[in-house]
1. Which three extents, in whole angstrom, do the alpha-carbon atoms of region 25-75 cover along their principal axes, largest first?
2. Per residue, what accessible area does the chain have, given a 1.4 Å probe and all protein chains present, in Å²?
3. Take the Cα coordinates of the chain, assign each an equal point scatterer, and use the Debye formula without solvent to give log10 I(q)/I(0) at q = 0.08, 0.10, 0.11 Å⁻¹.
4. Please turn the phi angles of region 288-303 into ³J(HN,Hα) values with the Karplus equation 6.51 cos²θ - 1.76 cosθ + 1.60 (θ = phi - 60°), one per residue in order, whole Hz, x for glycine and proline.
5. Can you tell me the 0 to 90 degree angle between the C-alpha axis of helix 170-186 and the longest principal axis of the chain, rounded to 10?
6. Ignoring ligands, DNA and RNA, what percent of the accessible area of region 213-330 is carbon or sulfur (1.4 Å)?
7. GLN341 label point, 7 Å along Cα→Cβ, cut-off 13 Å on backbone N: hits in region 355-382?
8. Got a sec? What order do HIS406, HIS235 fall in by accessible area at 1.4 Å, biggest, i.e. largest, first?
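The values are calculated or read from the model by the stated rules, or taken from the named source; none is laboratory data. Keep in mind it's a predicted model, so treat the numbers as computed, not measured. When we count neighbours, we look across all protein chains shown, and the Cβ atoms used for this are built from the backbone with ideal geometry, even at glycine. For accessibility, only protein heavy atoms count, side chains too; no ligands or nucleic acids. Shrake-Rupley method; radii C 1.70, N 1.55, O 1.52, S 1.80 Å.
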Amino acid sequence: MKTIKAIRGMNDLLPKQTVVWQYLEAEIRALLNGYGYQEIRMPVVEYTDLFKRSIGEVTDIVEKEMYTFNDRNNESLTLRPEGTAGCVRAGEQHGLFYNQVQRLWYAGPMFRYERPQKGRYRQFHQIGVEVFGLDGPDIDAELLLMTARLWRRLGLSDAVILQLNTLGNSESRNRFKIALVEYLTQHKEQLDEDSQRRLDSNPLRILDSKSSQTQQLLDGAPKLIDFLDNESLQHFEQLKNLLDQAGIQYQVNPRLVRGLDYYGKTVFEWVTDQLGAQGTVCAGGRYNGLVEQLGGRTTPAVGFAMGIERLILLLETCGVIPETVSNDADIYLMTPADGAQSRGFEIAEMLRETFPSLRVVCHCGGGNFKRQMKRAVDSKASYALILGSEEIESGEISVKALEGKHPQQRLSKDGLVDFIRQEYSA
Ligand code: ATP
Ligand code: MG
C-alpha cells in the first residue's frame, strides 16, 4: 500500500527543530511579557467573510491564497491566513476595545495556498502583536523598540534592517492612487503582467513590484509623499524622532506598501538579505480603520507579525543559536542488575524532585550493561548513573561521566545529591 505523506508546504517539526522553536518562542514570550503585552488565542478557522471584509477582496491573499471550504452546514469557512482579522473580531466580540488600551499578542499556524519554497510554506507560523486604543507615534515607536530588542537578544541585530514608510490617511492615499493610475495607464504596455492587472484592482501594490522595468517606470511616477496629509506627515516625523533618540536605525522606503488593504499611516518591515527572496521576517503597521470596517466603533490600532520559520532560518544561517539549546539529557540512569528498575525509578524521582530543571532519563526496556551504556551515550547525557548488582547490594549508585575523564565513583544517595548540586551549581 502507498504510504500517506504530509501535504506539500505543510511541515512536520521533528525534535531537533522543536527545541530551536521552543527557544525562539520562549525568548519572544519573555520579551513581550517585559513590555506588558498579554496573550490572546483565537480559533484557527473563521467565517470567510471576516477575511474578505478585512484583508480586502482584491489582495493576493483573498484572491488566490485562502483555504476556503463549506462545512456540513454549508457555511463558508476559511483557515486563517493571518491573525489580525481574528484578533479584531475577538476583541470587538468581547468588548475589549471601547475606552481601553489593549496590548495583545498571539502565536500560531497560518495557512496560505502559495508556491512552497524556502521561507514560504502553506502552513506557517506567526507571532503577532496588536495594540488597540492608541493613536500616537509613541506606540508605533514602542513596537519598533521592542522588535529591535528582540533582535539584540537573539543576536540578529546585524542581520536585519528596518524599512519604514507612511501611507497617509485614506483621502490622501486615494488622491495619490488616482494620480498613480493616471500616470501608469499612459505606460501600461511597459508594466509587468501582475502590475497591469493591479492597475484596476490594487494600484498601490504596483509600488513593490519585483520587476525592474516597472520599478524604473515608477521613478517618474507621482510620489506618495507629495500627497500626504499634514497629520500623517507629522505622525511620521515624530515616529522618526523617537526612533532616532532611541538609537534605532531605519531606512525610509517610499515604495514600501503592505499587501493587505487595511493599513494606513505607519508601515514597516524588518528585512534581511540573508534568506534570498523571502527576506521579510517581521512586518506590520497602523490600521486605524479596521475595527470600524468590521462593524465596531472607530479604534486606532497598530501591529505586526513575525514569520517564525524565517526567523529560525535566519538564526541558523547566522549561527547564533546558543549551545545550551539542546534536547540532550543531563543524566541517564542505567539499571542493568536484575530487579533494579524500581530502585532506579525511586532515585530518578528523588532527583527530579530535588533538581526540577535537571533532565533525567531512565533506561527502559532491559538489556545488559553494554546495551544500556550505548543508550546512555546516545542520549548525550553528561552522566550515567548505574545500578548494577553490587550497587543494589550496598545501597549505593555509581556515577560515570560520559564526557571528560572523571573516574567512576560509587556514591550514597546523599553523596549523589551533593555531587549533582556541585556539578550543576555553575
Ligand atoms: P511576503 O511578501 O513574503 O509574501 P506578506 O506580506 O504576505 O509576505 P504578511 O502577511 O505581512 O506577509 O505576514 C507577516 C510575516 O509572515 C512575513 O513577513 C513573513 O515573515 C511571514 N510569512 C508570510 N507568508 C508566509 C509564508 N507563506 N510562509 C512563511 N512565512 C510567511
Ligand atoms: Mg505574501
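1. Principal-axis extents of the Cα atoms in region 25-75, largest first: 43, 27, 17 Å.
2. Result: 51 Å² of accessible area for each residue.
3. Per q value, in the given order, log10 I(q)/I(0) is -0.59, -0.80, -0.90.
4. Those phi angles translate into 5, x, 5, 4, 5, 4, 9, x, x, 6, 3, 9, x, 8, 8, x Hz.
5. 70 degrees
6. Values: 2250 of 5140 Å².
With neighbouring chains kept in place, the figure for region 213-330 is 44 percent.
7. It comes to 363-367, nothing else.
8. On the way: HIS406 110, HIS235 15 Å².
In descending accessible area the options line up as HIS406, HIS235.
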